[in-house]
2 protein chains.
Amino acid sequence: MSEVVKTDRRILRTKQAITTAFLELFAKKDFEQITINEIADRANVNRGTVYLHFSDKYELLDKCMESHIQELISLCQSQDTGPIQPGVIRDPKPFFDYVQEHYAFLSALFSNQRAFVFRDRLLHYIASSLTAKLERPDRAIDKEVNAQFMASAFIGVVEWWIRHQMPHSTKYMADQVHHLFSHSQGSPPADTRN
Amino acid sequence: MSEVVKTDRRILRTKQAITTAFLELFAKKDFEQITINEIADRANVNRGTVYLHFSDKYELLDKCMESHIQELISLCQSQDTGPIQPGVIRDPKPFFDYVQEHYAFLSALFSNQRAFVFRDRLLHYIASSLTAKLERPDRAIDKEVNAQFMASAFIGVVEWWIRHQMPHSTKYMADQVHHLFSHSQGSPPADTRN
DNA sequence: CCGAAATCGTCCCATAAACAACAAAACCCT
DNA sequence: AGGGTTTTGTTGTTTATGGGACGATTTCGG
C-alpha cells in the first residue's frame, strides 16, 4: 500500500553527525553559546548543510528532545503486555537505565529553559496512557486526576534524580519507585478531594 | 610554498565511517568472515563508495594498521627530547595507555595472520630509532644488535600483555618495563657473542 | 554435485552535500 | 557610539556519494 520511500543514506549519516556533534556540545557548554559554525565544524559538515536539515539550533534541540521522548515512550510501550500492576511502567529500571545512559544530554537539558517542553511532553504521554489503563474501583477518585498524580510523581522522581547527579543506582531508584507506586496506588493523598 | 589542498569533508567523514565500521566488525568477528556489504551497511555508505577508497578489505586492514602505527610512533617521538635514559621510550605508560584504549582492535589483530606486519613495522621503527640513539661504550656489543634486543623485548612485552587480555594496569606495565630496561641496559644476555 | 543465494567488482545517472561568496545581523572591545 | 570581527542565512556551481543494475564469481544447503 503506502510506499515506504527509504531516505538517502547521506541524509541519515549527516543528520546523525550533526545531532551527535550538537549533543556533545550541548553537554559541555551553554546552549546559547553554541554556534552553527561550531556544530558544522565538529560534525565535519558544511555549514550550509546544517541549514538543509534544521532551520536553526532551536529546532535542532527540539528534534533531539523529540527523539529522546520517542525512545522513552517506546521503552514504556515495550512493557505494555498483560495486566497492569503498579502503574503503566511495570519495571521502571529500563527507564532509569536509559536516563543514566544519556545523562550528559539530559542533565544539560534540565538546566535549560526549554526543558519544560521535554518534561511536559513525557508527562502528558504517561498520564494519558495511565488514564486509559487505570482501573479505579473507588468512585470518589477521578481516574484522570489519579493518572496525573502518578505520572507527575514518577517524572518528578526522575527529574530529581537527574538534577542531583544520579546519587543512587538505577536498580535502587527502580525499587524505590516500585515501592512508592505500589503503596500509593490504592491510597492517594488524603486531602486530594478538597 | 606547497599548497595544502585540504580534502573534501565528505571524504573524511566517509573514510572515518568505513574505518570505524570495519574496526567494530573486526573486533567482534573473524576477519575473513567480514564482507564489504556488511561494512558498507554498518557505515551507512553505499557499497560502491567503499571501493572508491579501498580496493578491498585487505587494504582497509592495512590502512588501519598503518594509522595505529603512525599514532604509536608519534607517541614515541613526542618524548624525544633531552638525553635518552633507558631506551627510546622514556616513559612507556602512554604507549600502554594507547594500546589499552584500542584493545578491541589490537587484540583482534593479534589473533590474525596479518598481525606480523603490524608487529614488524613497529619493531623496525623502534629498533632503528634505538640504533641511532644508543650509546655503547662497550665495544664488544653491537649497537644494532642491542637495539634489536631492546626493541624486541619491549614489543614482546606489549604483545604478551595484549594476548593475555591486559592482566595488569598500564601503570604496572610501564613500571615493569622501566625496571627491566634499566637493568638490562648495560648487561645483555651473556652468550650473545657465540 | 547442482542450483539458489549471496557477494563481488564495476558501471551509469540522480542528487545530497561541499565549497565559495555574499549581504545582513549580531557580537565584541575600547 | 562605532569599527572590526564573527555569525548568520542564502545563493550558485561543483563534486562525492547513493541507488540501482549488471554479469561474474563465490558460498552454501540439500
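Contact residues in region B:46-77 by the 20 Å² criterion (accessible area, 1.4 Å probe, full protein complex versus chain alone) are lacking entirely. Return the distance in nm (one decimal) between the two label points of a simple spin-label model at B:K133 and A:D97, each offset 7 Å from Cα along Cα→Cβ. Between B:K133 and A:D97, the label points sit 4.7 nm apart. In this structure, the pairs whose alpha-carbon distance is over 29 Å, taken from B:K28/B:K171; A:K63/B:K57; A:K29/A:K63, are A:K63/B:K57. For region B:1-54, a crude dipole built from +1 on the beta carbon of Lys and Arg and -1 on the beta carbon of Asp and Glu, taken about the Cα centre, is about 220 debye to the nearest 20. Partner shielding of A:8-14 amounts to 4, given as the average count of beta-carbon atoms from other chains within 10 Å of each residue beta-carbon. In nanometres and ascending order, the distances from the A:E24 label point to those of the other copies are 1.5 (point 7 Å from Cα along Cα→Cβ). Take A:D62, push a point 7 Å out from Cα through the beta-carbon direction, and compare it with the same point in every other copy: 5.1 nm, smallest first. Using a probe radius of 1.4 angstrom, the carbon and sulfur fraction of the accessible surface of region B:1-54 is 50%. Across region B:21-34, coupling constants 3J(HN,Hα) worked out from phi with the 6.51/-1.76/1.60 Karplus curve, θ = phi - 60°, read 4, 4, 4, 4, 5, 4, 6, 10, 9, 4, 4, 5, 7, 6 Hz, and Gly and Pro carry x. Take B:Y98, move 7 Å from Cα toward the beta carbon, and the resulting point lies 4.1 nm from the same point in each other copy, nearest first. Chains A and B together bury roughly 900 Å² of accessible area, counting both sides, with a 1.4 Å probe on protein heavy atoms only.
When both region A:97-133 and region A:21-83 are represented by their alpha-carbon centers, they are found 14 Å apart.
Among residues of chain A, the one whose beta-carbon sits closest to the A-to-B rotation axis is listed with its distance in Å as A:R13, 4.
The values are calculated or read from the model by the stated rules, or taken from the named source; none is laboratory data. All values reported here derive from a predicted model rather than from experimental measurement. Cβ atoms come from the backbone with ideal geometry, glycine included; neighbour counts cover every protein chain shown. With ligands, DNA and RNA removed, areas are computed over all heavy atoms of the protein, side chains included. Shrake-Rupley method; radii C 1.70, N 1.55, O 1.52, S 1.80 Å.
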